[in-house]
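Colleague: One structure, pasted below without further comment.
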Amino acid sequence: MELCTAGNSLHGGAFMALADTVGAVATFIQLPKGARTTTIESKTNFLRGAAIGSYVLADTRPLHRGRSTHVWETRISDEAGKLCAVVTQTQMVLQQP
């Protein structure tokens, strides 16, 4: 219940946190040894809620993978496959000093 709204659906911040984590991990696993990443931009379009007790699935795809930034689009769907949110985020690549 901590991640739900008064309307008994998953809070938008939980959608955003899930997408941020997925995009960061997708970037991190492609980085050279010693490099790190941080989110520098994130935009979320909320399309529908997800009911309490339901599962959501995050699918992320690269829009750009450069030396200094990666851009990801994460689509979050409910367990029925209905699209709930679309998140576009930019991850900065931090090279080892």
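Laboratory data are not the source of any read-out in this text; all were calculated from the coordinates shown. Quick caveat: nothing in here was measured; it's all calculated off a predicted structure. Cβ coordinates were reconstructed from backbone atoms using ideal geometry, including for glycine residues, and neighbour counts include every protein chain displayed.
Colleague: Between LEU83 and ARG48, what is the spin-label point distance in nm, taking each point 7 Å from the Cα along the Cα→C-beta axis?
Modeller: Each label point lies 7 Å from its Cα, and together they span 1.2 nm.
Colleague: Shifting gears a bit: Counting other Cβ atoms within 10 Å, keep those with at most 12, restrict to DSSP loop, and tell me which GluC sites (Glu not before Pro) in region 1-79 are left.
Modeller: Loop-located and lightly packed - GLU2, GLU79.
Colleague: In the chain, what is the volume of the convex hull around the alpha carbon atoms, normalised per residue and reported in Å³?
Modeller: Per residue, the Cα convex hull of the chain comes to 101 Å³.
Colleague: Dipole of the chain, Cα-centred, from +1 at each Lys and Arg C-beta and -1 at each Asp and Glu C-beta, to the nearest 20 debye?
Modeller: Using only the charged Cβ atoms, the result is roughly 400 debye.
Colleague: Right, something else. Springs between alpha-carbon pairs under 10 angstrom, Gaussian network model over the chain: which of ILE29, ILE76, ILE52 fluctuates most?
Modeller: ILE29
Colleague: Relative to the longest principal axis of the C-alpha atoms of the chain, give the angle of the C-alpha long axis of helix 12-28, reported between 0 and 90° and rounded to the nearest 10°.
Modeller: 30 degrees
Colleague: Sticking with this one: What does the helix-only formula give at 222 nm for the chain: each DSSP H stretch with n ≥ 4 adding -39500 (n - 2.57), the total divided by the residues, and the result rounded to the nearest 500 deg cm²/dmol?
Modeller: Calculated at 222 nm, the ellipticity per residue is -6000 deg cm²/dmol.
Colleague: Can you list the residues, at least 5 places off or on another chain, whose amide H is less than 5 Å from the amide H of LEU47, using H built in the peptide plane?
Modeller: ALA85, VAL86
Colleague: Now a separate question. For MET16, MET92, which order do you get if you count the other beta carbons within 10 Å of each Cβ and list the fewest first?
Modeller: Ordered by Cβ neighbours within 10 Å, fewest first: MET92, MET16.
Colleague: Give me the one-decimal nm value for the distance between modelled label points at ARG75 and LEU57, 7 Å along each residue's Cα-to-Cβ direction.
Modeller: 1.1 nm
Colleague: DSSP loop (so not H, G, I, E, B), at most 13 other Cβ within 10 Å: list which trypsin sites (Lys or Arg not before Pro) in region 23-97 pass both filters.
Modeller: Answer in residue order: LYS33, ARG48, ARG67, LYS82.
Colleague: Let me ask something else. Springs between alpha-carbon atoms under 10 Å, Gaussian network over the chain: tell me which of SER42, SER54, SER77 tops the mean-square fluctuations.
Modeller: Answer for the Gaussian network model of the chain: SER54.
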